[in-house]
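Chemist: This structure is in structure tokens; I'll ask about it shortly.
Coordinate-derived values only; no laboratory data. Every value quoted in this text rests on a predicted model; they were computed, and no experiment measured them. In this analysis, Cβ positions are derived from the backbone assuming ideal geometry, glycine residues included, and neighbour counts consider all displayed protein chains.
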There are 2 protein chains.
Amino acid sequence: MDVEKSISALNNPIRRRILEWLKDRSNFPPALPGHEDLEGVCVAYIQEKAKLSQSTISNYMGLLKQAGFVIAERHGQWTFYRRDEENIQAFLAAVRDELLKP
Amino acid sequence: MDVEKSISALNNPIRRRILEWLKDRSNFPPALPGHEDLEGVCVAYIQEKAKLSQSTISNYMGLLKQAGFVIAERHGQWTFYRRDEENIQAFLAAVRDELLKP
DNA sequence: TCCATAAATCTAAATATCTCGATATTGAAC
DNA sequence: GTTCAATATCGAGATATTTAGATTTATGGA
């Protein structure tokens, strides 16, 4: 749990928004045919919603992944991103421990 | 509770360290004579511990104050900074609400 | 194999943050 | 009022982040 890297990843309103969107798969278009079982979302869908360039979103998702907030799963040409709930909770616990008085 | 500003203020290891130091007044030299009743810490003490310039620390404390993490109280020539526990808890609650699934 | 599509990486310009030294402000003491 | 000490603010150079377009890589299909 690298708090430094995680806070840095959160220090951007669109990256935080993406994490919120990913709470609910229905914030995005339906899964591509043959991928209905995956809860992840492909980069193109995120890009469309965030209205930023493909390279920027790819970069953002890389930062969120390195911070441990999302898990990337490649299926064919697509990379599906989904939240890493466990790591998100671990981050919150770490920040709480660091910020709160004993 | 401006999460944006707060995360930005936390996005620096030394500012986070200062918030930790401020948990315990005994991390700093004893209060100046006549100020024993104040739990706050003056800028010079923080500067000495952080080993950064006076202007940098003054700037940092301003950011932490604007973010709501500390309260500044001026007494004579000194500004005493102390943690704002209530706001810190409010920030943690806000981040938890934003990050955690419903 | 060759082409099309999705995503990642590279490059670079614009902007923001960090950090300092210098200067200004504030308040105390003489 | 003058001077001194503590803090705040200003200005600037160094560094980091943001973001896009161009290129590259990976994969699937004709």
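Chemist: For the rotation that brings chain B onto chain A, whose beta-carbon in chain B is nearest the axis, and what is that distance in whole angstrom?
Modeler: B:N11, 2
Chemist: Pop out the ³J(HN,Hα) list for the range B:22-29 in order, Karplus 6.51 cos²θ - 1.76 cosθ + 1.60 with θ = phi - 60°, rounded to Hz; leave Gly and Pro as x.
Modeler: The phi angles translate into 5, 4, 9, 4, 6, 6, 10, x Hz.
Chemist: Put the label 7 Å from Cα along Cα→Cβ for A:N87; what are its distances to the other copies, in nanometres, shortest first?
Modeler: Computed spacing set for this position: 3.2 nm.
Chemist: Something else: Report, by chain and number, residues whose modeled amide H sits under 5 Å from the one on A:H75, excluding near sequence neighbours (fewer than 5 apart, same chain).
Modeler: For A:H75, the qualifying residues are A:F80.
Chemist: Here is a follow-up. Test of understanding: in a Gaussian network model of chain A with alpha carbons linked when under 10 Å, which of A:D84, A:D24, A:D37 would top the mean-square fluctuation ranking?
Modeler: Top of the fluctuation ranking is A:D37.
Chemist: Grab the other residues whose beta carbon is less than 11 angstrom from that of B:Q66, score K and R as +1, D and E as -1, and report the net.
Modeler: Value of the local net charge: +1.
Chemist: Which percent of Cα pairs goes in each bin when the distances of the range A:29-73 are cut into 5 angstrom slices starting at zero?
Modeler: 5, 22, 27, 24, 17, 5, 0
Chemist: Spin-label point model (7 Å from Cα, Cβ direction): what's the B:S53 to A:A50 distance in nm?
Modeler: Taking the two extended label points, one gets 3.5 nm.
Chemist: Evaluate 2.2 N^0.38 Å with N set to the residue count of the range B:3-99, then give the Cα radius of gyration divided by it.
Modeler: In units of the globular-protein estimate, the range B:3-99 measures up at 1.07.
Chemist: How many nanometers, to one decimal and shortest first, lie between the label point of B:I14 and those of its other copies, if labels sit 7 Å from Cα toward Cβ?
Modeler: Here the equivalent label points are 3.1 nm apart from this one.
Chemist: Now for a separate question. Under 5 Å between amide hydrogens, which residues at least 5 positions from B:V70 or on another chain qualify, with H placed 1.01 Å from N in the peptide plane?
Modeler: B:K65, B:D84
Chemist: Do you know the Lys pair count in the protein assembly as shown for C-alpha distances under 12 Å, with sequence separation 8 or more or different chains?
Modeler: Close lysine pairs found across the protein assembly as shown: 4.
Chemist: Right, something else. Under a plain spin-label model, where a point goes 7 Å from the Cα along Cα-to-Cβ, how far apart in nm are B:D97 and A:E20?
Modeler: Distance between the two pseudo-spin positions: 1.1 nm.
Chemist: Turning to a different aspect of this structure: Starting from the Cα of B:V3, step 7 Å along the direction of its Cβ; do the same at A:E73; then give the gap between the two resulting points in nm.
Modeler: Going by the 7 Å Cα→Cβ label model, 2.6 nm.
Chemist: A follow-up question, please. Would you compute the Debye intensity of the protein assembly as shown from its alpha-carbon atoms alone, equal scatterers and no solvent, and pass along log10 I(q)/I(0) at q = 0.15, 0.16, 0.17 Å⁻¹ to two decimals?
Modeler: Those come out to -0.91, -0.99, -1.07, one per q.
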